Amino acid sequence: MNITSVPLPGAYVIELEPIADERGFFARTWCGHESKSHGLNPNVAQCSISFNKRKGTLRGMHYQDEPYPEAKLIRCSSGAIYDVLLDLRRTSPSYCKWFAVELTATNRKMLYAPEGVAHGFQTLTDGAEVFYQISESYRPECARGVRWDDSFFGIEWPNRDPIISKRDRTFPDFTP
């Protein structure tokens with residue numbers, strides 16, 4: 001695996017290193033030992049899938065707060081998404097900054113979000129499926145979010161008129 005840092009400390013884009021032959025290829029998508037050596041949380045407590053019927057669907061921006069913060073490894077297993085991380089760690093040099101990357105079933109890239117970083121995505125195709133490996137079990141009492149279009153962050157989304165849930169659309173304005 002190629003683990004490449006991004007402008008948010010502790011966040012990474014991970015690319016496969018396929019070993020190919022006439023049958024196709026084989027590649028590791030996760031190695032706890034290698035990930036830990038790069039400072040990534042190697043725990044996997046839960047795996048989840050998000051299936052999205054229509055292009056333009058937006059989910060986010062979500063995170064899980066103390067005492068059960070979660071790290072996520074995100075991969076688009078079908079279709080394509082515009083994947084966004086937002087740093088909400090008050091002591092981080094990139095506090096309130098965001099980073100985005102296109103994840104597709106074809107490019108097979110993954111995005112690692114450390115604890116304290118909110119995550120969201122917008123689908124670029126119909127039928128986009130997103131697979132998550134999550135370091136902590138879901139704790140609804142710790143589930144939090146910030147609004148996708150909060151002007152404080154200025155996240156640049158591909159589609160400014162998304163298909164979005166009421167919950168995600170109505171998170172309150174962020175106050176630092």
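The values are calculated or read from the model by the stated rules, or taken from the named source; none is laboratory data. Small disclaimer: the values here were computed from a predicted structure and weren't measured. Backbone-built Cβ (ideal geometry, glycine too); neighbour counts: all protein chains shown. What goes into the accessible areas is simple: the full protein's heavy atoms, side chains included, and nothing from ligands, DNA or RNA. Shrake-Rupley method; radii C 1.70, N 1.55, O 1.52, S 1.80 Å.
Summary of values
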{"item": "For Met61, distant residues with modelled amide H under 5 Å away", "result": "Val146, Trp148"}
{"item": "Estimated Rh, the stretch 108-176: Kirkwood, alpha-carbon pairs, angstrom", "result": "14.3"}
{"item": "For the chain, the longest site-free run once GluC sites (Glu not before Pro) in DSSP loop states with at most 11 other Cβ atoms within 10 Å are removed", "result": "23-155"}
{"item": "Relative contact order %, the chain, counting alpha carbon pairs below 8 Å whose residues are six or more apart", "result": "29"}
{"item": "Global geometry of the stretch 30-141, whether rounded, prolate or oblate, following the gyration tensor of its Cα atoms and the 1.5 cut on a/c", "result": "prolate"}
{"item": "Table column - 3J(HN,Hα) (Hz), the stretch 28-41, Karplus curve with 6.51, -1.76, 1.60, x for Gly and Pro", "result": "6, 9, 7, 9, x, 5, 5, 5, 4, 5, 9, x, 7, 6"}
{"item": "Full-stretch length increase - Glu22, Ala45 - with 0.36 nm per residue and alpha-carbon distance subtracted", "result": "4.7 nm"}
{"item": "Residue-level accessible surface for Thr123, protein heavy atoms, 1.4 Å, Å²", "result": "0"}
{"item": "Mean separation of Cα contacts under 8 Å (6+ apart) over length of the stretch 1-96, as relative contact order %", "result": "19"}
{"item": "For the chain, calculated [θ]222 nm from helices alone, where every DSSP H run of n ≥ 4 adds -39500 (n - 2.57)", "result": "-1000 deg cm²/dmol"}
{"item": "Proximal charge balance of Tyr132 [Cβ under 9 Å; K/R count +1, D/E count -1]", "result": "+2"}
{"item": "Vicinal HN-Hα couplings computed from phi for the stretch 81-97 (Karplus, 6.51 cos²θ - 1.76 cosθ + 1.60; Hz; Gly/Pro x)", "result": "9, 9, 9, 10, 10, 10, 7, 10, 7, 4, 8, 7, x, 10, 3, 6, 9"}
{"item": "Accessible area per residue, Å², the stretch 75-162 with all protein chains present, probe 1.4 Å", "result": "42"}
{"item": "Carbon plus sulfur fraction of accessible area for the stretch 1-138, probe 1.4 Å, in percent", "result": "50"}
{"item": "For the stretch 110-122, 3J(HN,Hα) per residue [Karplus equation, 6.51 cos²θ - 1.76 cosθ + 1.60, θ = phi - 60°, Hz, x = Gly/Pro]", "result": "10, 10, 9, 10, x, 4, x, 10, 6, 10, x, 8, 10"}
{"item": "Volume per residue that the Cα convex hull of the stretch 82-148 spans, once the total is divided by residue count, Å³", "result": "117"}
